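**Student:** Please find one structure pasted underneath; my questions will follow.
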Amino acid sequence: MTGKNVEFFHDDVAQYNIPEGVDAVFSTFALTLSPDYDKVIKNCSESLRKGGRIAILDFKMPNNYMRFLAPLMILVTRPFGVRKELQYRHLWESVERYFQKSSLREMYGGFVYLSVGIKD
């Protein structure tokens with residue numbers, strides 16, 4: 001499906017060939033579910049145009065006292081594919097590895113993060 005400035009696709013993101021010169025990639029609460037997330041982020045970094053951005057909004061395990069609420073949060077989000085094992089997938093580290101500029105912002109007590117990478 002193609003809009004005026006946006007293209008949507010339904011495919012295994014790890015197998016999708018991202019067109020060269022893409023302006024931006026945005027993932028919300030999904031990429032963590034892919035065991036090949038590092039490959040996907042690397043492919044994004046190679047396909048984005050200079051100045052292009054990746055933005056990932058997703059869950060993470062907090063590094064603070066809110067951590068004790070994690071079992072409840074996992075239970076509530078289980079219908080959406082969230083499992084305890086996903087806490088070991090640190091997508092923001094891949095963004096830092098493959099993008100020259102990156103930022104990480106934690107929200108909601110550390111349970112949610114926004115990682116942004118910019119290609120130089």
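**Student:** At q = 0.14, 0.22 Å⁻¹, what is the base-10 log of I(q)/I(0) for region 1-117 according to the Debye formula with one equal point scatterer per Cα and no solvent? Please give it to two decimals.
**Tutor:** For region 1-117, the Cα-only Debye profile gives -0.61, -1.28.
**Student:** Could you grab the Rg to Rh ratio for region 9-67? Cα atoms only, Kirkwood for Rh. Before the final figure, lay out the partial values.
**Tutor:** Details: Rg = 13.3 Å, Rh = 12.7 Å.
For region 9-67, the value is 1.05.
**Student:** From the cross-link list Lys39/Lys84; Lys60/Lys119; Lys39/Lys119, which pairs have alpha carbons spaced over 20 Å apart? Show your work: numbers first, answer last.
**Tutor:** Values: Lys39/Lys84 22 Å; Lys60/Lys119 24 Å; Lys39/Lys119 16 Å.
Pairs exceeding 20 Å: Lys39/Lys84; Lys60/Lys119.
**Student:** For a quick check of your reading of the filter: which trypsin sites (Lys or Arg not before Pro) in region 19-106 sit in a DSSP loop and have no more than 16 other Cβ atoms within 10 Å? Numbers along the way, then the final one.
**Tutor:** Details: sites: Lys39, Lys42, Arg49, Lys50, Arg53, Lys60, Arg67, Arg83, Lys84, Arg89, Arg97, Lys101, Arg105; in loops: Lys60, Arg83, Arg89.
Filter output for region 19-106: Arg83.
**Student:** When we measure straight from the Cα of Lys101, which aspartates and glutamates land under 18 angstrom away, once same-chain ones fewer than 8 places off are left out?
**Tutor:** Straight-distance partners of Lys101: Asp23, Asp38, Glu46, Glu93, Asp120.
**Student:** Excluding the sites themselves, what is the longest stretch of the chain that contains no chymotrypsin sites (Phe, Trp or Tyr not before Pro) in a DSSP loop with at most 11 other C-beta atoms within 10 Å?
**Tutor:** Numbers: sites that count: Phe8, Phe9.
The answer is 10-120.
**Student:** Go through Gln87, Ile56, Gly109 and say which Cα lies farthest out towards the positive end of the charge dipole of region 34-120; charges sit on Cβ, +1 for Lys and Arg, -1 for Asp and Glu.
**Tutor:** Farthest towards the positive pole: Ile56.
**Student:** Further question: How many percent of the accessible area of the chain is carbon or sulfur, using a 1.4 Å probe?
**Tutor:** Values: 4460 of 7910 Å².
Exposed carbon and sulfur together represent 56 percent of the surface.
**Student:** Next up: Pull up all non-local amide H partners of Gly52: gap of 5 or more, or a different chain, and H-to-H distance under 5 Å with H placed in the peptide plane.
**Tutor:** Long-range HN contacts for Gly52: Lys119.
**Student:** Relative contact order, percent, of the chain when contacts are C-alpha pairs under 8 Å separated by at least 6 residues? All intermediate terms of the calculation are to be shown ahead of the outcome.
**Tutor:** Values: 172 pairs, mean separation 34.2, N = 120.
Worked out over the chain, it gives 29 percent.
**Student:** Using the heavy atoms of the protein chains alone and a 1.4 angstrom probe, what is the accessible area of region 9-120 per residue in square angstrom? Could you put the intermediate results ahead of the total?
**Tutor:** Working: 6960 Å² over 112 residues.
Result: 62 Å² per residue.
The values are calculated or read from the model by the stated rules, or taken from the named source; none is laboratory data. Everything numeric in this text was worked out from a predicted model, so none of it was measured. Here the Cβ is made from the backbone with ideal geometry for all residues, glycine too, and neighbour counts use every protein chain on show. These area figures cover heavy atoms from the full protein model, side chains too; ligands, DNA and RNA do not enter into them. Shrake-Rupley method; radii C 1.70, N 1.55, O 1.52, S 1.80 Å.
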